[in-house]
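The values are calculated or read from the model by the stated rules, or taken from the named source; none is laboratory data. Remember, predicted model here, so these are calculated numbers, not experimental data. Glycine gets a Cβ as well: all are built from the backbone with ideal geometry, and neighbour counts include every protein chain shown. Ligands, DNA and RNA are stripped out before the accessible areas are found, and what is left, the full protein with its side chains, is counted by its heavy atoms. Shrake-Rupley method; radii C 1.70, N 1.55, O 1.52, S 1.80 Å.
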Amino acid sequence: QVQLVESGGGLVQAGGSLRLSCTASGFTLDHHAIGWFRQAPGKQREGVSCISATDGSTFYVDSVKDRFIVSKDDDDRTVYLQMNNLKPEDTAVYYCGTDLSCLRLGDPSDWSYWGQGTQVTVSS
């Protein structure tokens, strides 16, 4: 069974950091991209970052570029999202999902599997 489990969310002050984890089972990371998404109350779910299955290339939306870093540990089947210099507008539930590539990061509805989400709250 395909399963994704996120962890690492919490409450932090603006300027702080969090490290999110997404642990996968039922598939291998070398055949599946892992995308990070977030959804704030009243907002559409949006793609944030992605790490490619083919070559490990990473992708970021402009709003998090230079602040967030995505990485993976293939042996542990875990993808990380290091979030630095957090801002109140980063507050959301963060999810990881799978796809064959990172090309559809902008279309969250096309991703088939999701974790349960982890809450990130950034106070000012």
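Please find, among Gly8, Gly106, Gly115, the residue that is within 14 Å of the chain's Cα centre (by Cα) and crowded, with 17+ Cβ neighbours inside 10 Å.
On the way: Gly8 fails: crowded, with 17+ Cβ neighbours inside 10 Å; Gly106 fails: crowded, with 17+ Cβ neighbours inside 10 Å.
Going through Gly8, Gly106, Gly115 in turn, the sole match is Gly115.
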**Asked** Before we move on, is Asp90 modelled with pLDDT under 95 and either among the acidic types (Asp, Glu) or buried (at least 22 other Cβ atoms within 10 Å of the Cβ) (or both)?
**Response** no
**Complete:** Looking across region 109-122 at residues that are assigned to a strand (DSSP E or B) and of a type in the set (A, V, I, L, M, F, W, C), the single one that is farthest from Thr28 (Cα to Cα) is Val122
**Of all residues making up region 40-57, the number that are open to solvent by 60 Å² or more (accessible area, probe 1.4 Å) and either within 15 Å of the chain's Cα centre (by Cα) or among the polar types (S, T, N, Q) (or both)** = 4
**Complete:** Subset of region 1-46, residues farther than 17 Å from Ser112 by Cα and among the aliphatic types (A, V, I, L, M), comes to Leu11, Val12, Ala14, Leu18, Leu20, Ala40
